[in-house]
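Worksheet: one structure, shown below.
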Amino acid sequence: MDQSKTPASQISVQPDTLALKEKARQEGIETVWERYQAQQPQCGFCELGLSCRICVMGPCRIDPFGEGPQRGVCGADADIMVARNLGRMVAAGAAAHSDHGRDLVEILLAVAEGKAPGYKITDVAKLERLAAEFGVDASLPLTEKAKELALAVMEEYGIRKGHLTFTKRLPAARLQKWQQLGITPRGIDWEVTEMLHRTHMGVDNDPLNLLLQALRCALADGWGGSMIATELSDVLFGTPTPKASQVNIGVLKADRVNIILHGHNPLVSEMVVQAATDPALINRARQLGAQGINLAGLCCTGNEVLMRQGIPMAGNHLLQELALVTGAVEAMVVDYQCIMPSLGDLAACYHTLFFSTSPKAKFPKATHLNFTPETGADLGRQLVSRAVENFARRIPERVYLPTESVPQVSGFSVEAILDALGGTPEPLINAIKAGQIRGAVGVVGCNNPKVIHDYGHTTLTRQLIRNDVLVLDTGCAAVAHAKAGFKTPEAADLAGPGLAAVCRALGIPPVLHLGSCVDNTRIINLAAALANTLGVDLDQLPVAAAAPEWYSEKATTIASYAVASGIFTVLGVAPPVLGSKTVTEILLGGTTPHLGACFAVEPDPEKAAALIINHIAKKRQELGI
Ligand code: SF4
Ligand code: MSK
């Protein structure tokens with residue numbers, strides 16, 4: 001295939017990515033960009049949401065120009081088709097996050113029952129707070145309390161409770177809005193299942209009704225499954241505190257055994273982090289000629305171990321293949337989500353061992369070492385040991401590490417932010433009221449080869465901080481920002497005068513890293529805390545969200561729960577809904593009278609920044625500040 005079709009300027013703004021892409025080209029290695037080119041032109045029906053393969057009377061398509069068929073074989077029109085497709089995307093995203101959360105609940109129960117050696121309760125205070133929130137008897141000893149909490153959290157997935165416990169964190173005004181629309185989330189699995197039921201042929205054929213269920217399903221993720229994943233990860237592995245670390249492909253070391261941790265769930269990676277400090281394994285690495293064992297993260301597993309352990313970050317979604325092209329990776333260990341199925345083939349082009357670990361996620365050409373709660377600690381040692389032995393197979397002439405890493409500070413959990421503020425959100429609120437900080441925006445989400453890699457994130461965020469808007473980030477956006485140098489206290493120099501002064505006073509960067517994709521719940525928790533302190537609803541706050549380069553079903557769900565929670569959300573890539581005028585109008589404004597928020601789609605990050613800055617100005621005016 002002709003790899004020269006895509007000019008470097010349309011691939012990435014990151015020097016490490018461009019240098020490794022060139023090495024891949026020279027070595028004849030195919031990556032996501034070639035595969036993207038090979039798919040051109042992509043299906044216009046699918047891009048508009050106007051294709052359906054829900055049943056085998058189809059597949060069906062609707063002609064957007066009105067000349068061909070206007071209904072599927074069953075009679076579904078464009079509005080039904082688009083709403084059903086979107087509902088299924090949201091359900092899949094909610095299922096992914098929530099199933100991730102479920103794995104944490106199972107480990108918490110196993111810890112309480114003494115069945116998970118290697119795991120422990122690290123943040124006792126958080127466990128106590130959660131236990132109180134879930135109505136667990138405060139007098140119980142710690143392990144009993146952990147067990148009761150785990151069992152209570154399991155009920156969040158079911159149908160017995162009728163509402164999700166974490167929604168109590170919201171202002172009453174928000175809950176009232178949900179009640180009026182009938183979108184208060186009930187059980188997590190309940191909402192996902194009902195979304196799938198309603199989108200079966202011949203069930204819910206009212207686009208508005210379908211979209212309302214999509215919002216309820218998304219809320220079951222945001223105020224349910226994802227929040228459970230975040231909170232229980234903190235209980236088990238510690239609530240993040242600010243830590244200095246490094247970012248970009250330069251975090252891999254030519255003289256060390258390099259292990260990359262990729263995926264989303266910290267259960268296995270935390271065991272690898274522990275095992276990598278084992279003196280016997282470090283000695284063995286030295287015997288084989290390495291200076292030691294070096295861990296690096298990718299995507300959201302990377303964010304998890306960066307936030308809590310300060311493990312350096314190699315890159316985000318679109319760097320995952322190129323990380324192996326360095327020829328310096330002894331092992332890549334993956335769990336699940338956002339892991340390209342191409343990685344096994346790519347690893348085979350080098351000496352890299354590619355390990356899958358989740359029974360839920362197996363990959364072509366991967367060696368599967370299965371994770372269980374009982375054997376997690378042993379698995380961590382086994383993975384590190386296999387990586388160390390593989391150092392002997394490295395081919396030094398093929399190693400290419402084109403850039404030096406740059407510093408970043410990570411680990412801003414809500415607790416850490418409040419600590420930095422002296423234990424209360426008041427100083428932040430005062431800075432917002434005084435106009436030093438105009439507002440706050442969550443810039444989150446993925447990479448997508450349809451967008452120049454990291455251009456959307458970095459351009460939008462540069463504009464926002466320049467205009468005194470504090471940026472909170474997660475996921476792959478967080479990696480883009482760190483590589484651009486936005487994540488050190490010195491980055492205050494890039495901010496407007498008000499935000500810069502606050503950052504200098506507190507010693508924080510103008511872009512705060514709150515974690516992985518499930519940790520978007522830290523952002524909505526912070527928004528709820530600000531709203532509660534001010535006595536307003538979330539949609540009245542001068543806040544917004546943006547996903548300039550999103551690609552995944554999970555991102556659809558995150559954006560939907562942000563809007564349903566009252567947060568104006570700007571997408572850089574259009575979701576597949578434009579084939580329905582009805583659905584498009586509901587999403588781009590129809591929700592505002594009921595939820596106080598809607599979506600916007602703006603591919604140009606400069607224009608997206610302007611939209612957001614205007615939105616913040618309007619909210620400030622309405623609040624009289
Ligand atoms: Fe076609 Fe209707 Fe079946 Fe979809 S559900 S594939 S529109 S017949
Ligand atoms: S990893 S969901 S590409 S942010 Fe969370 Fe990155 Fe998006 Fe995956």
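The values are calculated or read from the model by the stated rules, or taken from the named source; none is laboratory data. On a predicted model such as this, the values are computed, not experimentally measured, just so you know. When we count neighbours, we look across all protein chains shown, and the Cβ atoms used for this are built from the backbone with ideal geometry, even at glycine.
Here are some notes:
- Unique residue being near ligand 1 (Cβ under 10 Å from one of its atoms), surrounded by 18 or more Cβ atoms within 10 Å (Cβ to Cβ) and assigned by TED's automatic domain parsing to the domain that holds ASN209 when the list is ARG84, ARG61: ARG84
- Selection of the range 229-241 for residues being assigned to a helix (DSSP H, G or I) and out of contact with any Leu (no Cβ under 7 Å at 6 or more places or on another chain) yields THR230, ASP234, PHE237.
- One residue stands out in the range 373-390 among those that are touching a helix residue (DSSP H, G or I) at 6+ places or on another chain (Cβ under 8 Å) and not in a helix (DSSP H, G or I): the one that is surrounded by the fewest Cβ atoms within 10 Å (Cβ to Cβ), namely GLU374.
- Residues satisfying the stated conditions in the range 293-315, i.e. touching a helix residue (DSSP H, G or I) at 6+ places or on another chain (Cβ under 7 Å) and either outside any helix (DSSP H, G or I) or at pLDDT below 95 (or both): ILE293, LEU295, ALA296, GLY297, LEU298, ILE311, PRO312, MET313, ALA314, GLY315
- When the range 442-475 is filtered for residues that are in a strand (DSSP E or B) and either more than 26 Å from ILE339 (Cβ to Cβ) or within 16 Å of ligand 1 (Cβ to nearest atom) (or both), the ones remaining, listed by number, are VAL469, LEU470, VAL471.
- Evaluation of HIS264 against the conditions (1) in the same structural domain as LEU104 (by TED's automatic domain parsing); (2) under 20 Å from ASN525 (Cβ atoms) shows that the sole unmet condition is (1).
- Residue within the range 42-49 that is within 15 Å of ligand 1 (Cβ to nearest atom) and among the aliphatic types (A, V, I, L, M) present: yes
- Residue count for the range 169-208, restricted to those that are among the polar types (S, T, N, Q) and surrounded by 14 or more Cβ atoms within 10 Å (Cβ to Cβ): 4
- So VAL577, is it outside any helix (DSSP H, G or I) and either more than 14 Å from ligand 2 (Cβ to nearest atom) or surrounded by fewer than 24 Cβ atoms within 10 Å (Cβ to Cβ) (or both): yes
- Complete set of residues in the range 544-562 that are crowded, with 24+ Cβ neighbours inside 10 Å and more than 13 Å from GLU602 (Cα to Cα): ALA544, LYS554, ALA555, THR556, THR557, ILE558, ALA559, SER560, TYR561, ALA562
- Checking each residue of the range 211-219 against the condition of being away from ligand 1 (no atom under 16 Å from the Cβ) and farther than 17 Å from SER98 by Cα gives at least one match.
- Of the residues making up the range 394-443, just one is basic (Lys, Arg) and within 26 Å of the chain's Cα centre (by Cα), namely ARG438.
- Where a residue in the range 317-344 is without any contact (Cβ under 8 Å) to a residue 24 or more places away in the chain and its partner, wherever it lies, is within 14 Å of ligand 2 (Cβ to nearest atom) and polar (S, T, N, Q), with Cβ under 6 Å and at least six apart: none
- Test: LEU514 is under 26 Å from GLY310 (Cα atoms) and either touching a Cys at 6+ places or on another chain (Cβ under 8 Å) or not β-branched (Val, Ile, Thr) (or both): yes
- Checked against (1) over 24 Å from the mean Cα position of the chain (by Cα); (2) within 24 Å of GLU304 (Cβ to Cβ), GLY225 passes all but condition (1).
- Complete set of residues in the range 408-417 that are part of a helix (DSSP H, G or I) and closer than 21 Å to GLU490 by Cα: ALA416, ILE417
- So LEU20, is it more than 16 Å from ligand 2 (Cβ to nearest atom), in contact (Cβ under 8 Å) with a residue 60 or more places away in the chain, touching a Leu at 6+ places or on another chain (Cβ under 6 Å) and closer than 16 Å to LEU319 by Cα: yes
- Qualifying residue in the range 316-329 (condition: in the same structural domain as VAL273 (by TED's automatic domain parsing) and in a strand (DSSP E or B)): no
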